[in-house]
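The values are calculated or read from the model by the stated rules, or taken from the named source; none is laboratory data. Since this is a predicted model, take the numbers as computed values, not measurements. Neighbour counts are summed over all protein chains in view; Cβ atoms, including those assigned to glycine, are modelled from backbone coordinates with ideal geometry. The accessibility values were calculated without ligands, DNA or RNA, using every heavy atom of the protein model including side chains. Shrake-Rupley method; radii C 1.70, N 1.55, O 1.52, S 1.80 Å.
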Amino acid sequence: MNIFDIIIEEHKSFRKIANKLEETTSRAVKTRTDLFASLKNELKAHHEAEEKVLFSELCKHKEIKELTLESSEEHNVMEHLIGELESLSVEHENWGPKFKVFKEILEHHLDEEEKEVFSKARKILDKDTCEKLGKKFQKLDESIENSK
Ligand SMILES: [Fe+2]
Ligand SMILES: [Fe+2]
């Protein structure tokens, strides 16, 4: 399967979980905790697989290198915010607002990858490479998630 199709499917799931989480209140401790745990684990594996499999390949092409590095920096910002959310009780009054800020950054990032990075990358990488990277991405993504 083409790496971009795999990644876009995962993005859909992140948007869904983030929407559900945004609707929770500080009283929904278990739902919040469980949804956040799955979003966090899936997102961490996704970022790592994206960086190791796709971004490393894209950085070899100067016409897309800077955009790719920008995406990678956004991963860092999100990981930082995930850490802050983790260290705060889900019942805390700041958790919801902090999650909203995180969600805005996440949505911006997913849109930017899909509309800018991937559409440019599709023109740079040939079909065969996209398939090979897809297999590699899936393998790595699963192994990271299973190791948690
Ligand atoms: Fe990403
Ligand atoms: Fe992504």
Original post:
Which residue, of Phe102, Phe137, is among the aromatic types (Phe, Trp, Tyr), under 15 Å from Leu39 (Cα atoms) and either out of contact with any His (no Cβ under 6 Å at 6 or more places or on another chain) or free of Cβ contacts under 8 Å to residues at least 60 places away in the same chain (or both)?
Top reply: Phe102
**OP:** Would you mind finding the one in Leu43, Leu35, Leu88 that is away from ligand 1 (no atom under 16 Å from the Cβ) and surrounded by 15 or more Cβ atoms within 10 Å (Cβ to Cβ)?
**Re:** Leu35
Original post:
Are there any pairs with C-beta distances below 8 angstrom linking a residue in region 8-20 that is β-branched (Val, Ile, Thr) to a residue that is open to solvent by less than 40 Å² (accessible area, probe 1.4 Å) and more than 8 Å from ligand 2 (Cβ to nearest atom), with the two at least 6 apart or on different chains, and if so which?
Top reply: Ile8/Phe118; Ile17/Leu35; Ile17/Leu39
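Please state which one of Lys52, Lys44, Lys60 is without any contact (Cβ under 8 Å) to a residue 12 or more places away in the chain and more than 16 Å from Lys98 (Cα to Cα). If you could, list the steps in order and put the result at the bottom.
Values: Lys52 fails: without any contact (Cβ under 8 Å) to a residue 12 or more places away in the chain; Lys44 fails: without any contact (Cβ under 8 Å) to a residue 12 or more places away in the chain.
So the residue among Lys52, Lys44, Lys60 that is without any contact (Cβ under 8 Å) to a residue 12 or more places away in the chain and more than 16 Å from Lys98 (Cα to Cα) is Lys60.
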Original post:
When you scan region 55-148 for helices (runs of 4 or more DSSP H) that lie fully inside it, which ones turn up with 2 or more residues that are among the hydroxyl-bearing types (Ser, Thr, Tyr)?
Top reply: 62-87, 127-146
